[in-house]
Amino acid sequence: MSRIGRMPVKIPGGVKVEIEGTRVSVKGPKGELEKTFPDMLTIQMQEGSVVVARPGDAPSVRALHGMTRAMISFARKCFTCSGANTICASGLS
């Protein structure tokens, strides 16, 4: 399993994450963002964290696994950060 991909993304207070299949919506005090990820991945909420899972070990699936987790983590940080990081809101578009 990808070392990055297997780590859960903890969701802090003030940030709301909605998951419908592979569509993830992140809303926080600094804005909101929605992104649909590849269907081959499974994205779930578990105990206040987002967990991304993959079906196999093909190189392309492993790459998507880590990248998807990193993008969700990035969005979560962007909408809770202060001033200097406001440009990061365009990171998932």
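Annotations
- Considering the range 1-23, the residues that are part of a strand (DSSP E or B) and of a type outside the set (D, E, K, R) include one that is farthest from residue 49 (Cα to Cα), namely 19.
- The set of residues in the range 61-93 that are at pLDDT below 55, over 24 Å from residue 3 (Cα atoms), within 16 Å of the chain's Cα centre (by Cα) and not in a helix (DSSP H, G or I) contains only 93.
- Test: residue 58 is more than 22 Å from residue 14 (Cα to Cα), modelled with pLDDT of 90 or more and small (Gly, Ala, Ser): yes
- Taken over the range 24-49, the criterion of being outside any loop (DSSP other than H, G, I, E, B), open to solvent by less than 50 Å² (accessible area, probe 1.4 Å) and closer than 26 Å to residue 63 by Cβ is satisfied by 24, 25, 26, 33, 43, 49.
The values are calculated or read from the model by the stated rules, or taken from the named source; none is laboratory data. What you are looking at is a predicted structure, and each value in this text was computed from that prediction instead of being measured. Here the Cβ is made from the backbone with ideal geometry for all residues, glycine too, and neighbour counts use every protein chain on show. Keep in mind that these areas ignore ligands, DNA and RNA; they rest on the heavy atoms of the full protein, side chains included. Shrake-Rupley method; radii C 1.70, N 1.55, O 1.52, S 1.80 Å.
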